[in-house]
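What follows is a single structure, written as structure tokens, with notes after it.
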Amino acid sequence: MKAPVSLRRYLLLGILLPVLAVIVLNTVSLYSQALAAANTAYDRTLLASAKVIGEQLDVDGYDELSRLRATVPYSALEAFEADNRSRLFYRVSSLSGEMVSGFPQLPFWRGKLPQRPPYAALVDFYDDRMGDEEVRVAVLLQPLVGQTGRGMAVVQVAETLQLRRTLARQILVDTIWRQALLVAVIALLVIVVVHRGMQPVRRLSAELGARAENDLTPISAPDAPRELLPLVEATNQVMARLAHLLDNQKRFVRDTAHQLRTPLAVLKIQVQSALHGDVEGRQALREINDTVDRATALANQMLALAKVEQLRQQPDAPLLDWSEVVRSVALELSPLVADKELDFEIATVPAPVRSHDWMLRELTRNLLHNAIRHTPAGGPLSVRVAAEAAFAVLTIADSGPGLPDELRSRLFQPFSAGNARSGSGLGLAICHEVVVALGGTILLENRAAHGHVAGLDTTVRLPLADNRG
């Protein structure tokens, strides 16, 4: 099993790795700039040394026939040596490379002057080797003009690199030390900020851990950061759904215990009467059979009511044509229609809805069964399915006695049957739960004709599948 990711580690890596990359690039850039600045400063020293030597030169003859004279004591260069950690060497030559004075180990300059030199003088800087040592060389082309001649001298001054390298290392160490301190400060700040930022999460975790098992009240986290609010809201929604499920389960268990107690008590009395011979045997069996049928129907309807809630929690309901379901249910109940010789009429059009097949069938079966039961023998009964605007509409019009006014206020409550001997009172409650689960509405209205009730119109509206989000 993969170990959970630490938020503190995630933030540290997510912040420090980019910062380290930037710091590395910045360190390289700073080091290069500092080294270039140091080279520029020390190159000025080399140029100054070359100019000192050039000022002590003389010439006899003119141009190609000129001869250079140089008297440069080494002590003249000692002032430019830094802390005895570098050594200076020089060489004075003609343009043709003939050495006049200096150190013959220093190779003659064979380069070209840059097109845009950093100084006004004719000077060039380059790296070379003098024996086994690396040196930095400044070359100065020094024009010479005197009473006895005119010519051009090539003055080379070289410096060993110990001092420059020492300075470069010091610059690098100082830069790395400061950047490392910066990274440590950033890491410490991230740890402190994350620790403080996680305090609301820890408090919320402690609050949830201290709750009782059946405490599903919403979480109150007024000090939670804004980024944590979606999690708190989602958790509250889950807890609200759990509380709803638990309430339904408690109500189901309570209602089941209450409603089944009566038929079981009646069944026990009927069995005892049969055993004592108070009732003739065949009649007792018929009474027992009727009681068992009512108890079975009650149990089935209560299970159906619980199943509605179960299917409500299942997402992605399939697409069904309600008209086909209505015709299928009407065909199943056709023996009841034929038994009462009803004037039955059905008219449907395609009406696609999102629903589980069992829910649509249970809704249609309960409504149509009620209509058949309350329609008098030979009376008219019509069923229509239409598509109106954004809704699929089922209309069942019977010719029964309608609904009494005292029943309207508790019409869709469980166990509110108009006639206790003809039903359990769960049919309309199941229908109401199905309609609510599918996002629709159900309406039962008495139909008046000639000043009296001519029947009951049951109208159910469910959202068409093409118009649901």
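The values are calculated or read from the model by the stated rules, or taken from the named source; none is laboratory data. All values derive from a computational prediction rather than experimental measurement. Positions of Cβ are generated from backbone atoms using ideal geometry, with glycine treated the same way; all protein chains shown enter the neighbour counts.
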Give all pairs with beta carbons closer than 9 Å in which a residue from the range 37-51 that is within 12 Å of ALA168 (Cβ to Cβ) meets a residue that is of a type in the set (Ser, Thr, Tyr); count only pairs at least 6 apart in sequence or on separate chains.
TYR42/SER86
Evaluation of SER220 against (1) modelled with pLDDT under 80; (2) more than 30 Å from GLY197 (Cα to Cα); (3) polar (S, T, N, Q) (one fails), failing number:
(2)
Name the pairs whose Cβ atoms lie under 7 Å apart, with the first residue in the range 233-252 and within 9 Å of LEU216 (Cβ to Cβ), the second modelled with pLDDT under 80 and surrounded by 14 or more Cβ atoms within 10 Å (Cβ to Cβ), and 6 or more positions between them or separate chains?
MET239/LEU216; LEU242/LEU216; ALA243/LEU216
At pLDDT 85 or above, assigned by TED's automatic domain parsing to the domain that holds ASP398 and in contact with a helix residue (DSSP H, G or I) (Cβ under 8 Å, 6 or more places away or on another chain): which single residue out of SER328, SER334, SER323 fits that description?
SER328
Cβ contacts < 8 Å: first residue free of Cβ contacts under 8 Å to residues at least 60 places away in the same chain, restricted to the range 347-368; second residue among the hydroxyl-bearing types (Ser, Thr, Tyr) and part of a strand (DSSP E or B), any location; separation 6+ or different chain. Result?
ALA347/SER382
Can you give me the number of residues within the range 393-416 that are surrounded by 20 or more Cβ atoms within 10 Å (Cβ to Cβ) and either modelled with pLDDT under 60 or not assigned by TED's automatic domain parsing to the domain that holds ASP339 (or both)?
1
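ARG196 - would you say it is exposed (fewer than 13 other Cβ atoms within 10 Å of the Cβ) and out of contact with any Pro (no Cβ under 8 Å at 6 or more places or on another chain)? Before the answer, list the steps.
Numbers: exposed (fewer than 13 other Cβ atoms within 10 Å of the Cβ): yes; out of contact with any Pro (no Cβ under 8 Å at 6 or more places or on another chain): yes.
In short, yes.
For PRO335, are the conditions met, namely being over 40 Å from the mean Cα position of the chain (by Cα) and not in a helix (DSSP H, G or I)? Spell out the reasoning first.
Working: over 40 Å from the mean Cα position of the chain (by Cα): yes; not in a helix (DSSP H, G or I): no.
Answer is no for this residue.
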Right, GLU341: at pLDDT 90 or above and assigned to a loop (DSSP other than H, G, I, E, B) or not?
yes
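Evaluate the following for GLY131: is it buried (at least 16 other Cβ atoms within 10 Å of the Cβ), at pLDDT below 85 and either at positive phi or in the same structural domain as TYR62 (by TED's automatic domain parsing) (or both)? Quick ask: steps written out before the conclusion?
Working: buried (at least 16 other Cβ atoms within 10 Å of the Cβ): no; at pLDDT below 85: yes; either at positive phi or in the same structural domain as TYR62 (by TED's automatic domain parsing) (or both): yes.
Judged against the criteria, GLY131 is not a match.
Collect the residues in the range 417-448 that are hydrophobic (A, V, I, L, M, F, W, C), over 46 Å from the mean Cα position of the chain (by Cα) and either crowded, with 19+ Cβ neighbours inside 10 Å or at pLDDT 80 or above (or both), keeping them in residue-number order. Steps first, answer last, please.
Narrowing the range 417-448 to residues hydrophobic (A, V, I, L, M, F, W, C): 417, 420, 426, 428-431, 434-438, 442-444, 448.
Still in the running and over 46 Å from the mean Cα position of the chain (by Cα): 417, 420, 444, 448.
Once the filter is applied, which keeps residues that are hydrophobic (A, V, I, L, M, F, W, C), over 46 Å from the mean Cα position of the chain (by Cα) and either crowded, with 19+ Cβ neighbours inside 10 Å or at pLDDT 80 or above (or both), the range 417-448 yields LEU444, ALA448.
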Residues in the range 386-401: is at least one without any contact (Cβ under 8 Å) to a residue 40 or more places away in the chain and either over 23 Å from ALA465 (Cα atoms) or of a type in the set (A, V, I, L, M, F, W, C) (or both)?
yes
Please work out which residue is nearest to the chain's Cα centre (by Cα), limiting yourself to the range 372-392 and to residues that are surrounded by 15 or more Cβ atoms within 10 Å (Cβ to Cβ) and assigned to a loop (DSSP other than H, G, I, E, B).
THR375
Has the range 165-183 got any residue that is of a type in the set (Asp, Glu) and more than 30 Å from PRO18 (Cα to Cα)?
no
Taking the criterion of being in the same structural domain as ALA138 (by TED's automatic domain parsing), modelled with pLDDT under 80 and part of a loop (DSSP other than H, G, I, E, B), would at least one residue in the range 85-95 satisfy it?
yes
Return the pair list, or none, for Cβ contacts closer than 6 Å from residues in the range 146-165 that are assigned by TED's automatic domain parsing to the domain that holds GLY131 to residues that are assigned to a loop (DSSP other than H, G, I, E, B) and surrounded by fewer than 18 Cβ atoms within 10 Å (Cβ to Cβ), at least 6 apart or on different chains.
MET152/LEU95; THR160/ARG87; GLN162/ARG85; LEU163/ALA82; LEU163/ARG85
